[in-house]
Amino acid sequence: MFSALRLLPLDALGQYTLVSTLVILAQTSIRSLVLEPLTIRFSTQPDDVRRRATAMAAGASACLGMIAVVGTVVWAIAGGSSGRLMVAAGITFAILLVQDAWRTALFASRRPWGTAANDAICLAATLLALAVVATRGHADAPAVMLVWGFGSAFGAILGVVQLRTLPKVQSCWHWLRTQGDLGLRLVGSVLAQQLAGRTSLIIVSVWAGHAALGQISASRTLVSPISTLILATLAFAVPEAARRALTSLRHLQHFTRMISGALLAVTALLTVVLYFLPERLGVAIAGQNWAAAHSLLIPTALWIAGTAMSQGARIGLRVLERASAILWISVVLGAVVLVACACGTLGWGAAGAAWAFGLASVAGQVVWTIGYRRAIAARQGIGGPRTRGSRYRSTSGRPRRAADTQSD
């Protein structure tokens, strides 16, 4: 995004921002639908079972990506707006899905350094392509979008070498059908959260003005490194939590508490640093928007803190395959965020909206914790954790159930 900010004029930047946001939202949804079942259900499986599951998950990702490419080409031929940019986005999206499948599989295989190497190759290729585009003066929105896809293509190719596996495209429907009981509910939770968040920001913009929305966005940008870290924890923490659950539910609870505690500590540390940061350094970071962003730092940090504290419960519920609970909690909390944001914005403008987001996030942490504890109690009531994770559907599509083991 920073590259687009530097290279594109405002009108092209607006188009790129809109389309790239749609790409990220679609990628997040497909990850929940296709790839999260891989980490939840197959991280603790034998290598041969996990390899077959990886091939099918990557194949499903590739298949959905190809459908997106065809759809964007049809859009362009039919004369849809921003046709070239949409085609570039479709190509980039397809590549991103495959690369994301390999990253997820590497985490599931307990190879985080392999994921880091894959990401490093992608970054290097992206920077190289970006330099070429910038120096030759061909920096329009489709070109910048394709630079993103070009870098990810190296990661997609490297992933084949790292995992020695090819996407099994013909198994797309089989994977979606056998893992849809989990994936569809996770997609629903993602969409509920995204819809509530986007609608709340629209409410702020309409009722309090664009300046109020800009103030909230500026404050969130200050803490964006933490929000990125929180999102990234799902990739590596879910497979690790699944392995801890094999030992006992107590080990799972300890691990998820540790995750939430560590994220909360990082949030508190960054908040203190930013709050007492000298103004000249703040201006160097946020420019003329530093004062506005700093004025909402505390409620924004509260919003991030609530998310950090609930992350352990989110991970635990995934490992326990409580997808229905995740969906319903997301829907209920989304409604709470909407109501709180509307009330805060109507009464106190940007500050009211920021405090509403923060308080709703902390209240949400309580709900997530209650849901997680109930899931733990229910699992203890049926004999503790499973020896190979929890109940899952095998790659052949037949329901399988491992023998129970005793928890501590």
Assess whether SER200 counts as being buried (at least 21 other Cβ atoms within 10 Å of the Cβ), within 30 Å of MET66 (Cα to Cα) and either in contact with a Leu (Cβ under 8 Å, 6 or more places away or on another chain) or of a type in the set (S, T, N, Q) (or both). no
Which number in (1) surrounded by fewer than 21 Cβ atoms within 10 Å (Cβ to Cβ); (2) within 29 Å of ARG314 (Cβ to Cβ); (3) in the same structural domain as ARG31 (by TED's automatic domain parsing) marks the one condition that ARG177 misses? (3)
Restricting to segment 240-267, name every residue that is buried (at least 22 other Cβ atoms within 10 Å of the Cβ) and among the hydroxyl-bearing types (Ser, Thr, Tyr). THR256, SER260, THR267
Please work out which residue is nearest to VAL238 (Cα to Cα), limiting yourself to segment 104-114 and to residues that are surrounded by fewer than 24 Cβ atoms within 10 Å (Cβ to Cβ) and touching a residue at least 40 places away in the same chain (Cβ under 8 Å). PHE107
Matching residues, segment 154-174, being surrounded by fewer than 20 Cβ atoms within 10 Å (Cβ to Cβ) and either under 24 Å from LEU18 (Cα atoms) or touching a Gly at 6+ places or on another chain (Cβ under 8 Å) (or both): GLN162, VAL169, GLN170, HIS174
Can we say LEU184 is part of a helix (DSSP H, G or I), modelled with pLDDT of 90 or more and under 20 Å from ARG318 (Cβ atoms)? yes
Quick check on this structure: which one of ALA323, ALA335, ALA375, ALA360 is within 30 Å of ALA291 (Cα to Cα) and either touching a helix residue (DSSP H, G or I) at 6+ places or on another chain (Cβ under 9 Å) or not assigned by TED's automatic domain parsing to the domain that holds GLY214 (or both)? ALA360
Could you tell me which numbered condition ALA117 fails, if it satisfies all but one of (1) of a type in the set (Gly, Ala, Ser); (2) assigned by TED's automatic domain parsing to the domain that holds ALA342; (3) touching a residue at least 40 places away in the same chain (Cβ under 8 Å)? (2)
Any chance VAL283 is among the aliphatic types (A, V, I, L, M), in the same structural domain as ALA354 (by TED's automatic domain parsing) and over 22 Å from PHE357 (Cβ atoms): yes
Quick one: ALA351 ticks every box in (1) closer than 30 Å to ALA208 by Cβ; (2) at pLDDT 95 or above; (3) buried (at least 23 other Cβ atoms within 10 Å of the Cβ) bar one, so which box is it? (3)
Only one residue in ALA139, ALA88 is over 20 Å from the mean Cα position of the chain (by Cα), in the same structural domain as THR44 (by TED's automatic domain parsing) and assigned to a helix (DSSP H, G or I). Which one? ALA88
If LEU264 meets every condition in (1) more than 20 Å from the chain's Cα centre (by Cα); (2) modelled with pLDDT of 95 or more apart from one, which number is that one? (1)
Those residues that are under 28 Å from LEU317 (Cβ atoms), polar (S, T, N, Q) and at pLDDT 95 or above, I need them from segment 40-97; list them, please. THR54, SER61
If you go through GLY79, GLY59, GLY90, the only one that is touching a residue at least 12 places away in the same chain (Cβ under 8 Å) and farther than 24 Å from THR44 by Cα is GLY90
Hey, does segment 284-298 have a residue that's of a type in the set (Ser, Thr, Tyr) and under 30 Å from GLU240 (Cβ atoms)? no
Single match in ALA292, ALA308 (criterion: surrounded by 17 or more Cβ atoms within 10 Å (Cβ to Cβ), part of a helix (DSSP H, G or I) and over 19 Å from the mean Cα position of the chain (by Cα)): ALA292
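The values are calculated or read from the model by the stated rules, or taken from the named source; none is laboratory data. Owing to the predicted nature of the structure, the values given are computational and were not obtained by experimental measurement. Counting neighbours? That spans all protein chains shown, and the Cβs are built from the backbone with ideal geometry, glycine included.
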